[in-house]
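Just so you know, all these numbers are worked out from the coordinates, no wet-lab data involved. No experiment lies behind these values; they were computed from the predicted model shown. Methodologically, a virtual Cβ is constructed for each residue, glycine included, from the backbone with ideal geometry; neighbour enumeration extends over all protein chains shown.
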Amino acid sequence: DTAVSQTPKYLVTQMGNDKSIKCEQNLGHDTMYWYKQDSKKFLKIMFSYNNKELIINETVPNRFSPKSPDKAHLNLHINSLELGDSAVYFCASSQDGTDYNSPLHFGNGTRLTVT
Amino acid sequence: AQSVTQLGSHVSVSEGALVLLRCNYSSSVPPYLFWYVQYPNQGLQLLLKYTSAATLVKGINGFEAEFKKSETSFHLTKPSAHMSDAAEYFCAVTTYGNNRLAFGKGNQVVVIP
């Protein structure tokens, strides 16, 4: 069983479109995250939810909107896609996001290409 | 805010040779440090972590790292590189009560047969 699964694995779309990425974790963790990895492999946190409550909202354009219907799911919707949104988006989870001892478990990523 | 610096984006090592990846941190309070590994087309996996217990930390796949406060470092080593060690390695830092993990820019390790 995959611990953190995200779909789709690849997403190719045109500028101006709206797209969603879904994430599910079966680890029973309380906290879920979205990270963006750019072409230079730099990882930056975008959002974090703890028990469906938004706890981290980094400086991300309003076009990005996370939604957590329950603590096992965290989706990412992106409106009006731009070329600069092309990246690999990783979902992750941890037992407790406020506990420094709690490691992150990552999904395999969604490679978004905007043309 | 805390941060980590990883120098040298690409590191080449011969099979069987020592793997050494450097990580220096910046933090005004005691840090908690992590190394993660990313294999091609996969997410990151935890290699090891330092959370104020033993300063020499052993992780998976024969890797270890030593926390040196005087040098603000947490370098990752493996005595003998294997072809399967080819991957991207990330150092990361957080602090007590902080819900953010700050990642370094990563090191791409290439193992030469």
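At-a-glance table
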item	result
Value of D in µm² per second that Stokes-Einstein yields for chain B, Kirkwood Rh from Cα pairs, at 37 °C (0.692 mPa s)	234 µm²/s
Flagged links, alpha-carbon separation over 29 Å, of A:LYS19/A:LYS52; A:LYS9/B:LYS68; A:LYS9/B:LYS69	A:LYS9/B:LYS68; A:LYS9/B:LYS69
Set of aspartates and glutamates near A:LYS71 by C-alpha distance (under 14 Å), chain-local residues within fewer than 8 positions excluded	A:GLU24, A:ASP30, A:GLU53, A:ASP96
Overall Cα dimensions of chain A, principal axis frame, Å, largest first	39, 29, 28
Cross-link reach list, aspartates and glutamates versus A:LYS41, counting only Cα pairs under 13 Å and skipping chain neighbours closer than eight places	B:GLU88
Relative contact order (%) - criterion: Cα under 8 Å, at least six apart; region: chain A	36 percent
Exposure proxy ranking, count of Cβ atoms within 10 Å, fewest first, for A:ARG63, A:ARG111	A:ARG63, A:ARG111
Paramagnetic reach from B:THR5 in segment B:26-67 [backbone N under 16 Å; point 7 Å along Cα→Cβ]	B:26-28
Positive-end residue of A:TRP34, A:TYR49, A:PRO61, charge dipole of chain A with Cβ unit charges	A:PRO61
Principal axis dimensions, largest first and in whole angstrom, of the protein assembly as shown by Cα	48, 40, 34
Cα-based Rg / Dmax (Å) for segment A:1-57	13.2, 36
Dipole of the protein assembly as shown [Lys/Arg +1, Asp/Glu -1 at C-beta], most positive-end residue of A:TYR10, A:ALA92, B:ASN24	B:ASN24
DSSP bridge orientation in the protein assembly as shown - percent antiparallel, rounded to nearest 5	90 percent
